[in-house]
1. Looking at region 217-240, which of the residues that are surrounded by fewer than 20 Cβ atoms within 10 Å (Cβ to Cβ) and farther than 26 Å from Val463 by Cα is farthest from the chain's Cα centre (by Cα)?
2. Of all residues in region 431-446, which are of a type outside the set (A, V, I, L, M, F, W, C) and either modelled with pLDDT under 95 or surrounded by fewer than 17 Cβ atoms within 10 Å (Cβ to Cβ) (or both)?
3. May I ask you to verify whether Glu298 is surrounded by fewer than 20 Cβ atoms within 10 Å (Cβ to Cβ) and within 16 Å of Ile315 (Cα to Cα)?
4. Given the structure, is Thr364 in a loop (DSSP other than H, G, I, E, B), at pLDDT 95 or above and under 27 Å from the mean Cα position of the chain (by Cα)?
5. Return the pairs, sorted by first residue and then second, in which the second residue is modelled with pLDDT of 95 or more and aromatic (Phe, Trp, Tyr), the first residue lies in region 384-395 and is on the phi < 0 side of the Ramachandran plot, the beta carbons are less than 7 Å apart, and the residues are 6+ apart or on different chains.
6. Within region 5-19, identify whether any single residue is β-branched (Val, Ile, Thr) and modelled with pLDDT of 90 or more, and answer yes or no.
7. Pick from Leu343, Leu367, Leu400, Leu407: which is in contact with a helix residue (DSSP H, G or I) (Cβ under 6 Å, 6 or more places away or on another chain) and within 30 Å of Ala424 (Cβ to Cβ)?
8. Could you please give the count of residues in region 31-65 that are among the polar types (S, T, N, Q) and farther than 17 Å from Ser86 by Cβ?
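The values are calculated or read from the model by the stated rules, or taken from the named source; none is laboratory data. This one's a predicted model, so the numbers in the text were calculated from it and none came from an experiment. Glycine also receives a Cβ, built like all others from the backbone with ideal geometry; neighbour counts cover every protein chain displayed.
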Amino acid sequence: MKQPTGALLPTLETPFDSGAPLHLQIYRRIRGAILAGALPAGARLPSTRTLAIDLGVSRTTAEEAFAQLEAEGFLVRRVGDGTYVSLPEAPAKPARRAPRAVVGRRELSTRGRVLAGHPILSEPQTIRAFEAGLPALEAFPIEIWNRLLARRLRRSGRDLLSYGQPAGYAPLREAVAAYLGTSRGVVCTPAQVVILTSSQQALDLAARLLLDPGDDAWMEEPGYPGARAGLEAAGARIVPVPVDSAGLDVARGEALAPGARLVYVTPSCQYPLGVTASLERRLALLAWAERAGAWIVEDDYNSEFRYTGRPLAAIQGLDAAGRVLYVGTFTKSLFPSLRLAYLVAPEDLVDAFVRARMLQDGHTPTLPQAVLADFITEGHFGAHIRRMRSLYQSRRDALLDEAARALPRHVTLGPAEAGFHVTAHLPEGTDDRAVQRRAADQGIDVQPLTRYYAGAEPRPGLVLGYVGLSPEAIRAGVRGLAGLV
């Protein structure tokens, strides 16, 4: 017993810490010694009684450590003989060393390289001027939501704890279909609605199912970087199509890539320029898609919030050929952590999308879907949208008024009839990324417009979000920005 005891104890002589149970600390040290080769295969260990005396712990503690090591296959205990290390091929030299610095880049797949290398804009965690991604969270009716949540748990209880439907909670799909039909002019049945976690997931599914590597895909120029990344990751060849005051230039898109397989558009409030696609452009896009056998992904990300006239009907409602996939989200209209969005798919594609979604992540959590269904059907959603539209319009007006007073004349604002942001255009040659850095030093967050371009001739500007800010914060932000531009 002297030799194994002498071999084991130096490994365990260091003081124990107070952060973990003693038996777990002993287990980890013996396990580490075995893996490092300090205790080779066949080495005999002291008895638990001897180990307990030497370490000053109870025999029960030593026994628990040995039992765990035996259960994991590190030790074998023979009645009347003793306890031995049981790794038959334990290396003579230490097998585990401190992590080495990785030299060079690890090999990723083609898709992996696109995903890892794309400059995705991070979502804001706090609200300050001029974050563009957060709604007015302080105005959300949290008391009503909590009451509906508690009632749903009382009524449904364990029924909502099992696996959900890949296509989504049926009452929510019905509520979404009814809402879209009356407010957005979308023509669909509940069976066409697929509940997802985000509009990004909807785009990812569309790209996976409808594009082959090398297919051309039109992308608004400038346009949403997340959409561009999703299409590129699917192997698509991005074709930047210019956006003007009437929306996506369909004629230019046909000239660049007449046989494109898919187009991503934000026609109700183009992101980031804020323009609204004209009826002529909407009809031209539908006609091209039918001729080319192409798909239109219509991202209607915050269409409820139009401040001049009524919200415009979706392109999907004009589609007679079934070429439009309509995408919407509750992230902007309610709150971001809800993680609920929807896709309205053509009838013949619904099954494919549901199956692909099932392989991706199964289903969306059922409880928040059930609460949201109640929130919509009982009228709370409609009332909330009306309140927020009025609130956001007043904040937009505060931004426009202060900008007219404080910003230099060479800074011009883009359309502000809808949405959560307005784009401030800067003179040609301005380094808008340098302006962004200087603004950040003063506690002002803006996004440079050039970041949204994929082509070689980006226009400089700044994307200014306002809906999550008080009028006082908006005015102070504009005054701070005025000195930088």
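1. Arg237
2. The initial filter retains those residues of region 431-446 that are of a type outside the set (A, V, I, L, M, F, W, C), namely 431-433, 436-438, 441-443, 445.
Selection gives Asp431, Arg433, Arg437, Arg438, Asp441, Gln442, Gly443, Asp445.
3. Values: surrounded by fewer than 20 Cβ atoms within 10 Å (Cβ to Cβ): no; within 16 Å of Ile315 (Cα to Cα): yes.
It is false that Glu298 is surrounded by fewer than 20 Cβ atoms within 10 Å (Cβ to Cβ) and within 16 Å of Ile315 (Cα to Cα).
4. Numbers: in a loop (DSSP other than H, G, I, E, B): yes; at pLDDT 95 or above: yes; under 27 Å from the mean Cα position of the chain (by Cα): yes.
Criteria met by Thr364.
5. Correct list of pairs: Arg395/Tyr466.
6. First, pick out the residues of region 5-19 that are β-branched (Val, Ile, Thr): 5, 11, 14.
Now drop any that are not modelled with pLDDT of 90 or more, which leaves none.
Checked against the condition, which is being β-branched (Val, Ile, Thr) and modelled with pLDDT of 90 or more, region 5-19 yields no hits at all.
7. On the way: Leu343 fails: within 30 Å of Ala424 (Cβ to Cβ); Leu367 fails: within 30 Å of Ala424 (Cβ to Cβ); Leu400 fails: in contact with a helix residue (DSSP H, G or I) (Cβ under 6 Å, 6 or more places away or on another chain).
Selected residue: Leu407, the only one of Leu343, Leu367, Leu400, Leu407 that is in contact with a helix residue (DSSP H, G or I) (Cβ under 6 Å, 6 or more places away or on another chain) and within 30 Å of Ala424 (Cβ to Cβ).
8. First, pick out the residues of region 31-65 that are among the polar types (S, T, N, Q): 47-48, 50, 58, 60-61.
From what is left, the residues that are farther than 17 Å from Ser86 by Cβ are 50, 58, 60-61.
Matching residues across region 31-65 total 4.
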